[in-house]
Amino acid sequence: MKQISLADKRLALTNIIFAYIAFLIGTFCGLLQVFIRNDALTLPPWLDYYQILTAHGVLLALIFTTYFIFGFLISGMSYSLGSFGPKVHLFSWIGFIVTTAGTLLAIVEIIAGRASVLYTFYAPLQASGWYYVGLALFVVGTWIYSFALIGHYVKWKKQNKGQLSPLFAFMTIATLILWIIACLGVVATVLFQFIPWAFGWVDTINVELSRSLFWYFGHPLVYFWLLPAYIAWYVIVPKIIGGKVFSDSLARLSFVLFILFSIPVGFHHQLTEPGISSFWKFLQTVLTFMVIIPSLMTAFSMFGTFEKTGRDKGATGLFGWFFKLPWKDIRFTSLFIAMFFFIPGGAGGIINASFQLNEVIHNTLWVVGHFHITVGTPVAMTFMGLTFWLIPYLTGRKLTKAIQKLAFIQVITWSIGMLLMSTSQHILGLLGAPRRTAYAGYMDDPNALVWFQGILSNHVTMAIGGTILFLSAMILIYIVFYTLLASPKANSIEEQVEFPMAKSDMSGTPKFLENWWIWIGIAIALIAIAYTIPLIQMIEHAPPGSSGFKTW
């Protein structure tokens, strides 16, 4: 059985452990939020709701996802391209140290009550300057990680001239290219706007420009979360079910399209904001709908894989293949449920990006529900499904039957909790309940009272769902640390957990798909078309700007 080096395993495992520490704290903050919004919990004077909300968003949406993604990518790159060399190890650990330093600095500022500006950190809310320094270090650290992995890939390409790289490596590089380009926006606004403004070096900030640069980063961030999940769906799932990748060229093309169309779309988050002409909003809305294409390609590929594998195993009839899938294997079932949740999540995304429909749900709890059913399940549950076998693979321990049974309970409870919480948030959003707020009755306004009516009002349902999610999260934490510390060691090759990477037929794949300079050039051209003129207008016609506000 193919194995990666102990040094590579240690590097990947460190990232995954750090991810789950963030997950533990972040989910507890989420539990507090649903009870506060239901007026069932009052925080002590030294703790603020927006402090908790900021910690929840940063810990789960940024820290948990990023550390887990790099742990997964490090494992897969080492497995598919060979073990890392000394330079890759050195720069990967430097990246980890810089990222962690930025993380700890940002978290300290949140805990100290100096950075309750939420995950989106919109100006003119102003945090401590050190919070923004922490964010900058976090991004720079991930760039060091990224270039270390890219360097490993470049070395492999030099040693294997003329060959296409393994599919996992190709998809990893596409993910990192997207991440590096996307981070340019947030780095620009943090370094040149927020840090000088927060430290008092300048008096005001251009609010519209800062938000536009944030959303230049903020939407492709979603695909930075999603693409590693897609890697698992394309490469891991076929191996688990006993099949092969449906189409190597289709898989590679879908990731290329994500690079092209997931970045120049940030204005669809700003459809209700003034200062951006309707033409540029419309253009980026069109580009937003273009990114649906690779998602549909992924869905087609996955169901093609399921049907082909099922029929190879003797399935007959229209849906006979469905019953040939390995439903008793938690590695598969968890990822299949994650895929299923992406169907309503993707449909909600189309509504969010629609020019007219966005007017109904903008800045309401609908958006929170959409975020959770899109990221909190397809992404998070895919990561959970990977965790069940990835930690045993990296530690050399067994994936015991008892843990597999517990993992089924964890996945089912997470699904139920997310279904209850997200559905109630969608309904509350349609009823006009705002996002980013603690409990508010609006002086018993009839429109607000509807949100809380009945024994099982939508707010109560949201709290029940959040509680189930927290209990599920605690089961997951138990699984993680039991597997790390107490699960029996594998005593033979047969007992060792494998890295389930499917074979991919590259014989018909065009080599130009791996000519990164073509795709980077087209991506930059699309970004320039979508952003150059509106950003110049924001700078040329900027209002006097805003001083900082602290509302907590």
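Numbers for the structure displayed
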read-out: For the stretch 6-540, radius of gyration divided by Kirkwood radius, i.e. Rg to Rh on alpha-carbons; value: 0.95
read-out: Debye equation applied to the C-alpha atoms of the stretch 312-407, log10 I(q)/I(0) at 0.22 Å⁻¹; value: -1.04
read-out: Farthest positive-ward along the chain dipole, Cα basis, beta-carbon charges - from Ala229, Asn15, Gly243; value: Gly243
read-out: Estimated FRET transfer efficiency when R0 is 51 angstrom, pair Val450-Lys313 (beta carbons, to 0.05); value: 0.50
read-out: Size of charge dipole - the chain - debye, nearest 20, with Cβ of Lys, Arg +1 and Asp, Glu -1, no other charges; value: 1840 debye
read-out: Taking Arg436, Arg10, Arg397 and counting other C-beta atoms within 10 Å, the order from fewest to most; value: Arg10, Arg436, Arg397
read-out: ³J(HN,Hα) computed for each position of the stretch 212-226 - Karplus, 6.51 cos²θ - 1.76 cosθ + 1.60, integer Hz, glycine/proline x; value: 5, 5, 5, 6, 4, 8, x, 7, x, 4, 4, 7, 5, 6, 6
read-out: Between the stretch 273-343 and the stretch 463-495, the Cα center-to-center distance that results, in Å; value: 27 Å
read-out: Chymotrypsin sites (Phe, Trp or Tyr not before Pro) lying in DSSP loop within the stretch 373-450, provided at most 16 other Cβ fall within 10 Å; value: Tyr439
read-out: Normalised contact order of the chain, rounded percent, pairs of Cα under 8 Å and 6 or more residues apart; value: 19 percent
read-out: Separation of alpha-carbon centers, the stretch 102-117 and the stretch 415-433, rounded to whole Å; value: 29 Å
read-out: Other-chain or far-sequence residues with amide H under 5 Å of Thr364's (modelled H); value: Arg435
read-out: Low-density loop cleavage sites - chymotrypsin sites (Phe, Trp or Tyr not before Pro) in the stretch 243-338, where at most 16 other Cβ are within 10 Å (DSSP); value: Phe319, Trp327
read-out: Extension reserve of the Ala525-Asp505 stretch, reckoned as 0.36 nm per residue once the Cα distance is removed; value: 4.0 nm
read-out: Estimated D of the stretch 351-472 in µm² per second, where Rh is the Kirkwood radius over Cα pairs and Stokes-Einstein applies at 10 °C, 1.306 mPa s; value: 98 µm²/s
read-out: Environment charge at Glu307 (Cβ cut-off 12 Å; Lys +1, Arg +1, Asp -1, Glu -1); value: +3
read-out: Backbone HN-Hα couplings from phi across the stretch 421-436 [Karplus 6.51/-1.76/1.60, Hz, Gly and Pro as x]; value: 5, 5, 4, 5, 5, 4, 5, 4, x, 5, 7, x, 5, x, 8, 6
read-out: Selection of chymotrypsin sites (Phe, Trp or Tyr not before Pro), the stretch 1-78, meeting DSSP coil and at most 12 other Cβ within 10 Å; value: Trp46
read-out: Positive-end residue, the stretch 6-540 charge dipole about Cα centroid, Cβ charges, pick of Gln33, Met474, Ser487; value: Ser487
read-out: Relative contact order [Cα under 8 Å, 6+ residues apart], the stretch 1-143, whole percent; value: 30 percent
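Read-outs: derived from the displayed coordinates by stated rules, not from any lab. Predicted model only: the values in this text are computed from it and were never measured. Please note: Cβ atoms are built from the backbone with ideal geometry, for glycine as well, and neighbour counts cover all protein chains shown.
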